[in-house]
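Scroll down for the structure; my scribbles are underneath it.
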Amino acid sequence: MNKIVCITGASSGFGEACALKFSSQGYDVIITGRRSERLESLKKRIEEKNKTKVLVLILDVRKKSAVFQAIESLPPEWRNIEVLVNNAGLALGRDNFDEASLEDWDIMIDTNVKGLLYMSRAVLPLMLPQNRGHIINIGSTAAKEVYQKGNVYCATKHAVDAISQAMRIDLLPHKIKVTAIHPGAAETEFSLVRLKHNEKEAKKVYEGFIPLSANDIADIVFFTASLPPHVCINELEVTCLAQANAFYLFKDPA
Ligand code: NDP
Ligand code: 8X3
């Protein structure tokens, strides 16, 4: 029987690349997100290309009861989840603290923090009885430093860092691995979403350097999940060569 990975936010970016990577290595994949068309088309691609099984769960991670209901009602053949990748997340806006939209703040906190908590608590009852499992949380360099106009996005990613450390401690007796991966700038739909679909501004974010790609992160996520049972990567910060941390990014002059 194939191992099973559950990936949140698989309709684009890191999540989509992770679904392709894990399935290429023989995993059956549960792919979740809000955009059903994207997920159905990814399911087809995986089934054709990688020949593993795919279950689509249309799910908004902010909706507590929907999250628990979706996981509790998984068919028996999908309940043996080995790896949970808590990837769904977003930044909304790049504004000074006194000017940022309160609605943006609520959405970021509800998705990046509460969504990750709900998913983890919903999936854990499937892992605990086996004393086996791996939770991989996608943080950010913004989990490590705070930058101008990053206020609440950075706060949510600092929370992901703290939650990952706390989970690791409390889950030790259950032999469940917890890994936090903290990527720097990567070209996905992240900036398009953050900048409210201003394509020109989103493109500018990645000009003058070679950013990480979604595949770079998927390879790293898979690597952390493919180590022997007694080995756990607790956390990994990964940036492209042009970036030193959340605020030092060297752009080639135009
Ligand atoms: P994308 O915008 O390409 O993907 C984000 C994914 O999250 C989408 O699949 C989206 O699916 C999903 N998502 C967003 N909100 C929800 C929600 N409420 N419920 C369920 N799914 C949701 O961005 P990335 O792939 O870059 O981002 C993935 C993660 O990586 C995020 O947590 C982000 O903060 C983090 N990150 C990104 C970096 C970057 O530079 N790109 C760097 C560091 C961290 P849908 O819209 O279909 O629901
Ligand atoms: C995404 C990378 O630099 O916008 O977490 O914070 S950054």
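The values are calculated or read from the model by the stated rules, or taken from the named source; none is laboratory data. It should be emphasised that the depicted structure is a prediction, and the values quoted were computed from it without experimental measurement. Virtual Cβ from ideal backbone geometry, glycine too; neighbours counted across all protein chains shown. The accessibility values were calculated without ligands, DNA or RNA, using every heavy atom of the protein model including side chains. Shrake-Rupley method; radii C 1.70, N 1.55, O 1.52, S 1.80 Å.
Keeping all protein chains in place, calculate the accessible area per residue for region 1-134 (probe 1.4 angstrom), answer in Å². That works out to 48 Å² for each residue. Annotation for region 37-95 versus region 105-139: alpha-carbon center distance of 12 Å.
When a 1.4 Å probe is rolled over the protein heavy atoms, the share of accessible surface on the chain that falls to carbon and sulfur comes to 54 percent. Sparse packing (at most 11 other Cβ atoms within 10 Å of the Cβ) combined with a DSSP loop state is found for the following GluC sites (Glu not before Pro) in region 36-122: Glu99.
Residues whose amide H lies under 5 Å from that of Glu145, counting only those 5 or more places away or on a different chain, are Ala246; hydrogens are built 1.01 Å from N in the peptide plane.
Per the Kirkwood formula applied to alpha carbons, region 147-254 shows a radius of gyration over Rh ratio, Rg over Rh, of 1.03.
Would you kindly calculate the translational diffusion coefficient of region 4-238, applying Stokes-Einstein with the Kirkwood radius from alpha carbon pairs, for 25 °C and a viscosity of 0.890 mPa s, and quote it in µm² s⁻¹ without decimals? Could the numbers behind the result be given before it?
Numbers: Rh = 17.9 Å.
After rounding, the answer is 137 µm²/s.
Which of Ala17, Trp78, Gly33 sits farthest toward the positive end of the charge dipole of the chain, with +1 on the Cβ of Lys and Arg and -1 on the Cβ of Asp and Glu? So the residue furthest toward the plus end is Trp78. In order along region 191-200, phi translates into HN-Hα couplings of 6, 4, 5, 4, 9, 6, 6, 7, 4, 5 Hz, rounded to whole numbers, per the Karplus curve 6.51 cos²θ - 1.76 cosθ + 1.60 with θ = phi - 60° and x for Gly and Pro.
Calculated from DSSP H runs of 4 or more alone, at -39500 (n - 2.57) each and per residue, what is the 222 nm mean residue ellipticity of the chain, nearest 500? Display every interim value, and only then the final one.
On the way: 9 runs with 98 residues, N = 254.
It comes out at -11500 deg cm²/dmol, rounded to the nearest 500.
Quick one: which of 6-16, 222-232 comes out on top by average Cβ neighbours within 10 Å, and what's the full order, highest first?
Numbers: 6-16: 26.1, 222-232: 13.5.
Packing proxy ranking, top to bottom: 6-16, 222-232.
Distances between placed amide hydrogens fall under 5 Å for Ala88 paired with Thr8, Gly9, all partners being 5 or more residues away or on another chain. Computed packing ranks the peptides 242-254, 122-134 as 122-134, 242-254, most packed first, by mean other Cβ atoms within 10 Å. Checking the Cα-Cα distances for Lys51/Lys114; Lys114/Lys200; Lys21/Lys49; Lys64/Lys177 against a 22 Å cut-off, the pairs over it are Lys51/Lys114; Lys114/Lys200; Lys64/Lys177. The label point for Phe97 and the one for Cys232, both projected 7 Å from the Cα toward the Cβ, are 3.4 nm apart.
Within straight-line reach of Lys204, meaning a Cα separation under 20 Å, sit the following aspartates and glutamates at least 8 residues removed in sequence or on another chain: Asp95, Glu187, Glu189, Asp252. Loop-located trypsin sites (Lys or Arg not before Pro) in region 1-105 (DSSP state not H, G, I, E or B) with no more than 10 neighbouring Cβ atoms inside 10 Å: Lys51.
Would you mind calculating the gained length between Lys63 and Glu40 on full extension (0.36 nm times residue separation, minus the Cα-Cα distance), in nm to one decimal?
Details: separation 23, 0.36 × 23 = 8.28 nm, distance 2.11 nm.
Length gained, Lys63 through Glu40: 6.2 nm.
The modelled label-to-label distance for the pair His174/Asn215, using points 7 Å beyond Cα in the direction of Cβ, is 3.6 nm.
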